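Asks: Here it is: the structure, laid out below.
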Amino acid sequence: MPACFCSFNPPSTSISTFISNHPHLSILETTCRTITDLKKIHASLIKTGLAKDTIAASRLLAFSAARDLHYALSIFRRIEKPNQFTWNTVIRGFSQSSDPNFAILLFLETLNCSEILPERRTYPSVLKAYAQLGLAGDGAQLHGRIVKEGLESDPFIRNSIIHMYENWGFLENAWKLFDVSLERDVVAWHSMIMGLAKCGEIEESWRLFCKIPFRNEISWNMIKPTEFTLVSMLNACGELGDLEQGRWIHDYIKMNDLEMNVIVATAIVDMYCKCGDVEATRVAFKNAPRKGLSCWNSMMLGLATNGCYEEVFDMFNELECSNLRPDGVSFVAVLTASSHSLRVDEARRYFRLLTEEYGMEAKIEHCGCMVDALGRAGMVEEAAEFVASMPMEPDVVVWGSLLAACRNHGGSVEVAEWAARNLRLLDGTETSAHVLMPNVYAGSGDFEKAVEERKEMEKEPGCSLIEVNGEVHEFVAAGNWHCLM
């Protein structure tokens, strides 16, 4: 073995020249495609002694880290003096793997056992590992170290911290960093918007979206919003019922030829459904170039919610004849349509289809639909028997449906009290029991209990949202003010 290669490290030669001067490294850069190819090249480099060179080892490491992390780690452990690039490469590889915890362990190793300390390019990978593991609390300690080193203003590090915080609901921490950032790029804006939407802060997410300085059509051509931001905003429009803004985003997608993949198409269909524009929903579904099962489900649920029951049944039949297989959500859609159209026999048929022909386990949502279907049809006793026989504990929706059936169809007071009692046990803040029970008592002629129940009731005023000239307004029942969203 030529000894000259054991410590070969040409400081005055560029990396590209060094690689071109060694055939095996050139092959690695140009024609190596698989980990098997890499192992052959690695074996040759070991024979020549070149494997001990830092540049050669770093190229082996960079290739293997994207394909076989265990092999990459074995290469890394054989490097006598890992440099900054090799540390960052292996940490980044594990941060993107199914074992991000090892990225954190390697980072701690650099702090405690290495002469090479972490630097600017190290932190985004470590923060990503914390985000994947849901360790935003521990990541906050790393944030403190970053502040001490004066690196908090680095856009890549800042965006990684914001993503880590918002990904696990630490919105206050994310907001603080976002607010003090002097230069917010598109990633920072999108991270905050998606984080708010994911945590249920739909209205705040929409407010922030409307403040984006590059939201207008011309500037968005320079800084493209990501697919995830567009989907988040479409979801926000749907939750708020903001049809005009939802159309604006849909038009933007069409005019800029953005990819209409399954996720985006589903979000558009879902937005139109929730905003009540059934015709636009039909057009969006028809024009979707690729329709996944989620798109079919959103369409059927939207039609069921908007009273187009026959279309739901027809679509379910089409779905069964397609190359897609209905799932649990598909059955929620047809059961909802059956319930709302008072077709209890259809509901029973689809429930049997779910469990017997498709062999699926009935979930709480399916059982809730059946209770609702029986209750709406006035079969209160049968609905109560169904609740008692459920294989899982009924939730507030199930108990609420049973109680509503007693109120609407004059079911037994005992069944109503049973439902109301369980409803209160599950959710102490639930007011529907106090609202419905007085009617049940009054219907049975027990006006004294009806009055007592009403006295215990502390109901928050109802509110409604309407859109006027592109702005969403909130009105409170019996109030003399309204809030601009």
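The values are calculated or read from the model by the stated rules, or taken from the named source; none is laboratory data. Remember, it's a predicted structure, so these values are computed and weren't measured experimentally. FYI the Cβ positions are ideal-geometry reconstructions off the backbone, even for glycines, and counts take in every protein chain you see.
Asks: Which pairs have Cβ atoms under 6 Å, sit 6 or more apart or on different chains, and link a residue in the range 79-92 that is farther than 9 Å from T122 by Cα and without any contact (Cβ under 8 Å) to a residue 24 or more places away in the chain to one that is of a type in the set (D, E, K, R) and surrounded by fewer than 20 Cβ atoms within 10 Å (Cβ to Cβ)?
Replies: Listed pairs, sorted by first residue: none to list.
Asks: Continuing with this model, one more query. Which residue pairs have Cβ atoms closer than 8 Å, lie 6 or more positions apart in sequence or on different chains, and pair a first residue in the range 41-64 that is under 13 Å from N83 (Cα atoms) with a second residue that is among the small types (G, A, S) and crowded, with 19+ Cβ neighbours inside 10 Å?
Replies: Close Cβ pairs (under 8 Å, with a partner that is among the small types (G, A, S) and crowded, with 19+ Cβ neighbours inside 10 Å) amount to A57/A51; L61/A72.
Asks: With surrounded by fewer than 24 Cβ atoms within 10 Å (Cβ to Cβ), modelled with pLDDT of 95 or more and more than 16 Å from G246 (Cβ to Cβ) as the only criterion, which of E320, E311 stands out? Can you show your working first?
Replies: Working: E320 fails: modelled with pLDDT of 95 or more.
Only one candidate passes the filter, namely E311.
Asks: In addition: Take the residues in the range 192-233 that are of a type in the set (F, W, Y) and under 22 Å from F170 (Cα atoms); name whichever of them is modelled with the lowest pLDDT. Explain how you work it out, then say what you get.
Replies: Going through the range 192-233, the residues of a type in the set (F, W, Y) turn out to be 206, 209, 214, 220, 228.
The next check asks that each one be under 22 Å from F170 (Cα atoms); those that pass are 206, 209, 228.
On the way: W206: 72, F209: 75, F228: 76.
The selected residue is W206.
Asks: Look through the range 156-169, keep the residues that are surrounded by fewer than 23 Cβ atoms within 10 Å (Cβ to Cβ) and modelled with pLDDT under 85, and return whichever of them is farthest from L208 (Cα to Cα).
Replies: Looking at residues that are surrounded by fewer than 23 Cβ atoms within 10 Å (Cβ to Cβ) and modelled with pLDDT under 85, I get W168.
Asks: Which one of A388, A383, A373, A362 is without any contact (Cβ under 8 Å) to a residue 60 or more places away in the chain, among the aliphatic types (A, V, I, L, M), in contact with a helix residue (DSSP H, G or I) (Cβ under 7 Å, 6 or more places away or on another chain) and farther than 22 Å from F316 by Cα? Give the derivation first.
Replies: Working: A388 fails: in contact with a helix residue (DSSP H, G or I) (Cβ under 7 Å, 6 or more places away or on another chain); A373 fails: farther than 22 Å from F316 by Cα; A362 fails: farther than 22 Å from F316 by Cα.
The match here is A383.
Asks: If you don't mind, there's one more thing I want to ask. Test V187 against the stated conditions and say whether it is under 30 Å from T54 (Cβ atoms), among the β-branched types (V, I, T) and assigned to a helix (DSSP H, G or I). Steps first, answer last, please.
Replies: Details: under 30 Å from T54 (Cβ atoms): no; among the β-branched types (V, I, T): yes; assigned to a helix (DSSP H, G or I): yes.
When the stated conditions are applied, V187 does not pass them.
Asks: For the range 121-136, name all the residues that are within 13 Å of R92 (Cβ to Cβ) and not in a helix (DSSP H, G or I).
Replies: R121, T122
Asks: Do we have A236 as surrounded by 14 or more Cβ atoms within 10 Å (Cβ to Cβ), among the small types (G, A, S), in a helix (DSSP H, G or I) and at pLDDT below 85 here?
Replies: Numbers: surrounded by 14 or more Cβ atoms within 10 Å (Cβ to Cβ): yes; among the small types (G, A, S): yes; in a helix (DSSP H, G or I): yes; at pLDDT below 85: yes.
Criteria met by A236.
Asks: Taking the range 286-313, which residues are in contact with a Leu (Cβ under 7 Å, 6 or more places away or on another chain) and either β-branched (V, I, T) or free of Cβ contacts under 8 Å to residues at least 24 places away in the same chain (or both)?
Replies: Initially, the range 286-313 is screened for residues in contact with a Leu (Cβ under 7 Å, 6 or more places away or on another chain), giving 293, 296, 311-312.
Those that are in contact with a Leu (Cβ under 7 Å, 6 or more places away or on another chain) and either β-branched (V, I, T) or free of Cβ contacts under 8 Å to residues at least 24 places away in the same chain (or both): E311, V312.
Asks: Within the range 317-347, can you find the residues that are free of Cβ contacts under 8 Å to residues at least 12 places away in the same chain and part of a helix (DSSP H, G or I)?
Replies: N317, E318, E320, C321, D345
Residue-wise test of (1) surrounded by fewer than 19 Cβ atoms within 10 Å (Cβ to Cβ); (2) modelled with pLDDT under 85.
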{"residue": "K52", "(1), (2)": "yes, yes"}
{"residue": "A57", "(1), (2)": "no, yes"}
{"residue": "L73", "(1), (2)": "yes, no"}
{"residue": "K81", "(1), (2)": "yes, yes"}
{"residue": "V90", "(1), (2)": "no, no"}
{"residue": "S95", "(1), (2)": "no, no"}
{"residue": "D99", "(1), (2)": "yes, no"}
